[in-house]
Structures are given as structure tokens and as C-alpha cells.
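The values are calculated or read from the model by the stated rules, or taken from the named source; none is laboratory data. In this text, all values refer to a predicted model and were calculated from it rather than measured experimentally. Quick reminder, even Gly has a Cβ in these numbers, built from the backbone with ideal geometry, and neighbours come from all protein chains shown. Side chains included, ligands, DNA and RNA excluded: accessible areas come from the protein's heavy atoms. Shrake-Rupley method; radii C 1.70, N 1.55, O 1.52, S 1.80 Å.
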Amino acid sequence: RMRETGETVPNQLKKPTQKPTFKWIAFLFMGVAEVTVWIKGEKHLRIANLNDNLIKIIRLLGRDCEKYYGLEG
């Protein structure tokens, strides 16, 4: 999908690439967490530690992935 759109993400050396390894993408997502917060008795789920590069990757992966991470809309 990166080749189709012309998008890139930084590799381990911070240089743009259209062919990141799965291992690198998985590493980038290591700090992402689902957080549950209770406010006035209501349960709210949020995703923490997303940055611009991760959001770009999620959007490139498609609507199902966007929905999972709460980015649809």
C-alpha cells in the first residue's frame, strides 16, 4: 500500500522507506497500549502512545485497523 500511495515511514536509521520490515513495524507498536478509564460509572477505552507515524501506518492498513485503534471517522 505504501508503494501505491507514495507514503513512507522512517526506518531504523530514520531514513524514509516504502519497504519497512514487519519486525520494525511491530517494534514501533510496542509502546501502544489500550487504556480503560472509568468516568462517572462509564467505561471508556482509549489507545495511548500513538504518534503521527503510527497513525499513518494504521491508516495505510485500512478501515478495519482504523476502527480497532479508534481512528475511524
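Here are a few things to note about the model shown:
- Considering only Ile58, Ile39, Ile25, the mean-square fluctuation computed in a Gaussian network model of the chain, springs between alpha carbons under 10 angstrom, is largest for Ile39.
- Taking GluC sites (Glu not before Pro) as exposed when their DSSP state is a loop state and no more than 14 other Cβ atoms lie within 10 Å, the longest site-free interval of the chain runs over 8-71.
- Look at the alpha carbon pairs under 8 Å that are at least 6 residues apart: their mean separation over the length of the chain gives a relative contact order of 21 percent.
- Ellipticity estimate at 222 nm from DSSP helix runs (n ≥ 4, -39,500 (n - 2.57)) divided over the chain, nearest 500: -9000 deg cm²/dmol
- R0 of 22 Å, Cβ-Cβ distance Gln12-Asn51: FRET efficiency to nearest 0.05: 0.85
- Between Gly70, Leu13, Asn51, the Cα set farthest toward the positive side of the dipole of the chain (charges on each charged residue's Cβ, about the Cα centre) is that of Leu13.
- Split the accessible area of the chain by element, probe 1.4 Å, and carbon with sulfur accounts for 53%.
- Computed from Cα atoms, the angle from the helix 52-61 axis to the main principal axis of the chain rounds to 80 degrees.
- Close amide H contacts of Asn11 (hydrogens built in the peptide plane, cut-off under 5 Å, sequence separation of 5 or more or a different chain): Thr17.
- Computed with a 1.4 Å probe over protein heavy atoms only, the accessible surface of the chain comes to 82 Å² per residue.
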